[in-house]
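Asks: Supplied in structure tokens, the structure appears directly below.
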Amino acid sequence: MIRIYGFKNTKEAGVSAAKVIAEAIKSRENPTLGLATGSSPLDLYGALIDMYKNGELSFKNVKTVNLDEYVGLTPDHDQSYRYFMDFNLFSHIDILPENTNVPSGIAEDPKAECERYDRLVESLGGVDVQVIGIGNNGHIAFNEPSDSFTTGTNVVELTESTIDANSRFFAKREDVPTKAISMGIGQIMSAKKILLVANGKGKAEILEKALFGEVTPKVPASILRFAKDVVVFADDAALSVIDEKHPGAVIR
Ligand code: GLP
């Protein structure tokens, strides 16, 4: 089941999404969070940091698994997803560094790294709440449009559209890695709850296509329609096409 919640701006969406995460943390002894990078979850992470600083939430018992990492970037590279997580969340809260997991982009054998990551997620008992964004082309994590849905962690060849979209963070387009290690769609789907965050007009078309169009691996996020429990937290701009084509679909 998918519930779509709309907010005036990304800050309000982030504060409400943070409450879902806080609830999952407080209601479990050893919660495992699945985390994502990108601009979409930044307000959510900001709200979680505020809750920690206000004494409302502790991450001492929390374990995290991140969705993906670029192949070839070291953890201290400022565009690596490990760096992103440390910089935007982990260094501001009381989570134990050894409880945070991001696939290694510099593993000598990326395939073996994928297998290690699958075993790791399994050993944590799966993911309680999985945060995801959506790419302009409908990708989730780095699972690109394709002829079939991926299952476990895999090495991905990034598409030209993803390299274009992500080149804004690098000095030049040639610096963007062409491969990534990504958790698979099957793994993401097995999370007990999936929290999709999307912001801005640029996501409006693809969000409508994913949540109301045909379920197809050409739009990887469309598979979410078969997930047990999906909540979408988005700003009005990202929901503009859904509002236009499916009046009443958004909870406000
Ligand atoms: C990247 C990440 C995705 C993310 C997407 C959207 O390619 N691998 O996990 O969802 O970008 O990013 P943004 O939130 O910046 O639009």
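The values are calculated or read from the model by the stated rules, or taken from the named source; none is laboratory data. On a predicted model such as this, the values are computed, not experimentally measured, just so you know. A quick note on method: Cβ atoms are made from the backbone with ideal geometry, for glycine too, and the neighbour counts reach across all protein chains shown. Just the protein is used for accessible areas: all its heavy atoms, side chains included, with ligands, DNA and RNA removed. Shrake-Rupley method; radii C 1.70, N 1.55, O 1.52, S 1.80 Å.
Asks: Express the Stokes-Einstein translational diffusion coefficient of the chain in µm² s⁻¹, to the nearest whole number, given a Kirkwood radius over alpha-carbon pairs, 25 °C and a viscosity of 0.890 mPa s.
Replies: Diffusion coefficient, whole number: 135 µm²/s.
Asks: Which listed residue (L207, I163, A112) has the Cα farthest towards the positive end of the charge dipole for the chain, taking +1 on Lys and Arg C-beta and -1 on Asp and Glu C-beta about the Cα centre?
Replies: L207
Asks: Under the definition of Cα pairs under 8 Å and six or more residues apart, what whole-number percent is the relative contact order of the range 7-107?
Replies: 29
Asks: Across every pair of different alpha-carbon atoms, what Kirkwood hydrodynamic radius in Å does the range 101-182 reach?
Replies: In the range 101-182 this quantity evaluates to 14.0 Å.
Asks: Okay, moving on. Largest first and to the nearest Å, give the Cα extent of the range 152-252 along each principal axis.
Replies: That works out to 44, 29, 21 Å along the principal axes.
Asks: I need the Debye-formula profile for the range 1-82: one equal scatterer per C-alpha, no solvent, reported as log10 I(q)/I(0) at q = 0.11, 0.17, 0.18 1/Å, two decimals.
Replies: Relative scattering, expressed as log10 I(q)/I(0), comes to -0.36, -0.82, -0.90.
Asks: What fraction of the DSSP beta bridges in the chain is antiparallel, stated in percent and rounded to the nearest 5?
Replies: For the chain, the DSSP antiparallel bridge percentage is about 25.
Asks: Rolling a 1.4 Å sphere over the protein heavy atoms, what is the accessible area per residue of the chain, to the nearest Å²?
Replies: Details: 11350 Å² over 252 residues.
Ligands and nucleic acids excluded, the figure is 45 Å² per residue.
Asks: Consider just the alpha-carbon atoms of the range 93-132 and return their Rg together with their Dmax, both in angstrom.
Replies: Radius of gyration, then largest Cα-Cα span, for the range 93-132: 11.7, 32 Å.
Asks: As a test question: what accessible area, to the nearest 10 Å², does Y45 have when a 1.4 Å probe is rolled over all protein chains in place?
Replies: Here the accessible area works out near 0 Å².
Asks: If you don't mind, another one. Of the cross-linked pairs K8/K193; K26/K53; K11/K192, which ones have a Cα-Cα span greater than 19 Å in the structure shown?
Replies: Result: K8/K193; K11/K192 exceed 19 Å.
Asks: Given the Cα-Cα distance of S58 and F87 and 0.36 nm per residue of separation, how much length would full extension add, in nm?
Replies: Length gained between S58 and F87: 8.6 nm.
Asks: Now, a different point. What is the chain's relative contact order, in percent, from Cα pairs under 8 angstrom and six or more apart in sequence?
Replies: Relative contact order for the chain comes out at 26 percent.
Asks: Say we join alpha carbon atoms closer than 10 Å with springs in a Gaussian network model of the chain; which of E12, E174, E69 then has the biggest fluctuation?
Replies: The residue with the greatest mean-square fluctuation here is E174.
Asks: Using a 1.4 angstrom probe on heavy atoms only, work out the carbon and sulfur share of the accessible area of the range 137-224 in %.
Replies: 54
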